[in-house]
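Below: one structure, written as structure tokens.
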Amino acid sequence: MISRKRPVLKALWALGVVTIVVYSITQFNPGDLVQLLTDKGAHFLAYFTTAVIGYLAATVRNHRIQIAAGMIALGLLLEVIQLYVPDRAFEWADWMTDIAGVALAYPVFALIRRWL
């Protein structure tokens, strides 16, 4: 059942990654649109949902490991880039929240995969 949906899942995963990049390197403030989420909540939710979609789109376990490692590396890279973006700053706590989102997405993926 998942195999038929993989192209859609891959597209959603790519959209999630692009959204994370755009948000991270621009002056866009998600608080303007979603006042209920804190900064850390937005980080967690973005990386968590994008990781779940990526894990579902992956065809083998090794690809899921690559997705997790890539997203964690992307989080660090974007924090470093924010050093050079006006009104942005590098925050270790943001990166740790990104890592938590990616890590906690795996058990959720495992449950979803079991149900499908």
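Using the C-alpha gyration tensor of the chain, what are the square roots of 5 times its eigenvalues, in whole angstrom, with the largest one first?
They are 26, 14, 13 Å, listed largest first.
Would you mind computing the Rg to Rh ratio of the stretch 56-116 from its alpha-carbon coordinates, Kirkwood style for Rh? Radius of gyration over Kirkwood radius for the stretch 56-116 works out to 1.10.
Each peptide among 38-48, 79-89 gets the average number of other Cβ atoms lying within 10 Å of its residues, and from highest to lowest they stand as 38-48, 79-89.
To the nearest ten degrees, helix 2-25 and the longest principal axis of the Cα atoms of the chain are 10 degrees apart. Simple spin-label estimate for TRP92 and TRP115 gives 3.7 nm between the two label positions (7 Å along the Cα-to-Cβ direction from each Cα). For the chain, the relative contact order works out to 35 percent when only alpha carbon pairs closer than 8 Å and six or more residues apart are counted.
Taken together, the values in this text are just the output of simple stated rules run on the coordinates, not laboratory data. What you see is a predicted model; the values in this text were computed from it and never measured. Here Cβ is always computed from backbone atoms with ideal geometry, including for glycine, and neighbour counts include all displayed protein chains.
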